[in-house]
Amino acid sequence: MPNKILLTGFDAFGGATLNPSWLAVKALHGRQVLGHTVVAAQLPTVFDASLKELNALLKKHRPALVVCVGQAGGRSALSLERVAINVNDAPIEDNAGAQPVDTAVKQGAPTAYFTSLPIKAMLAELHAEGVAAEVSQTAGTFVCNHVFYGLMHALATRRELKHTRGGFVHVPWLPEQGNPSMPLEEIVRGLRLAVRRAMLVEQDTALGAGATN
């Protein structure tokens, strides 16, 4: 049985000197969650290279659970992403200078994948513990969505990962980056709670958390 939980974050991008997604998952590296060891890894904010690194990590660890984490400046809560779409449409260059426009993450693959994380149960747990959280209907069209889609495609098509569940969480800026923001220790606490709930729940909760726009 898989006994690893894989958490990934990104390196800094867009002229920033830090990325809270990496700082948060790094803080959880080596922790035990319900008998599973957390493995944290950093992905490059680069379209193709990020998925190559993620696929290597999946092959190496064959985890029970994967949560990829990214930064979303302008959001004020932990955003539990619902859907990954098969499109790259970069508003800025990635860290290798690439800026794909209207290209597919994976040619010939489905238009979209839904997360296999119990995001409503995770949301309820976070709210119960006083952590600002929301269900998000879009992971954007930059490298975060690229990784999210690539993860879900791998889980859907690779036989050795058929029992692995996964998804994506966006985190706000840190206070030193601007506002809205969330302290690093609160991001770490929220991710730990969310991961634990994801490990405990197989059938998600029916909870209204949609959007009107």
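The values are calculated or read from the model by the stated rules, or taken from the named source; none is laboratory data. Source: prediction; values computed, not measured. Backbone-built Cβ (ideal geometry, glycine too); neighbour counts: all protein chains shown. Calculation scope for accessible area: heavy atoms of the full protein, side chains included, ligands and nucleic acids excluded. Shrake-Rupley method; radii C 1.70, N 1.55, O 1.52, S 1.80 Å.
When peptides 111-117, 148-154, 7-13 are sorted by average Cβ neighbour count within 10 Å, with the highest value leading, the order is 148-154, 7-13, 111-117.
For residue 26, the aspartates and glutamates whose Cα falls under 20 Å of its own Cα, not counting residues fewer than eight places away in the same chain, are 11, 53, 176, 185, 186. The label-point distance for residue 60 and residue 48, in a model that sets each label 7 Å from Cα toward Cβ, rounds to 2.1 nm. The figure for residue 102 is an accessible area of roughly 110 square angstrom, using a 1.4 Å probe on the protein chains alone.
The Cα center of the range 30-74 and the Cα center of the range 137-189 differ in position by 9 Å. Over 18 Å apart at the Cα level, from the set 60/120; 60/106; 52/106, are 60/120; 60/106.
Report the extension gain between residue 111 and residue 162 in nm, rounded to one decimal, defined as 0.36 nm multiplied by the number of residues separating them, less their alpha carbon distance. Please list the in-between numbers first.
Details: separation 51, 0.36 × 51 = 18.36 nm, distance 2.01 nm.
Full extension from residue 111 to residue 162 adds 16.4 nm.
Per-residue extension of 0.36 nm, minus the Cα-Cα distance of residue 200 and residue 11, leaves a gain of 65.1 nm for this segment.
Excluding ligands, DNA and RNA, what is the solvent-accessible area per residue of the chain at a probe of 1.4 Å, expressed in Å²? Each step should come with its number before you reach the end.
On the way: 9770 Å² over 213 residues.
Here the per-residue accessible area is 46 Å².
The share of accessible area on the range 98-213 that comes from carbon and sulfur is 51 percent, using a 1.4 angstrom probe.
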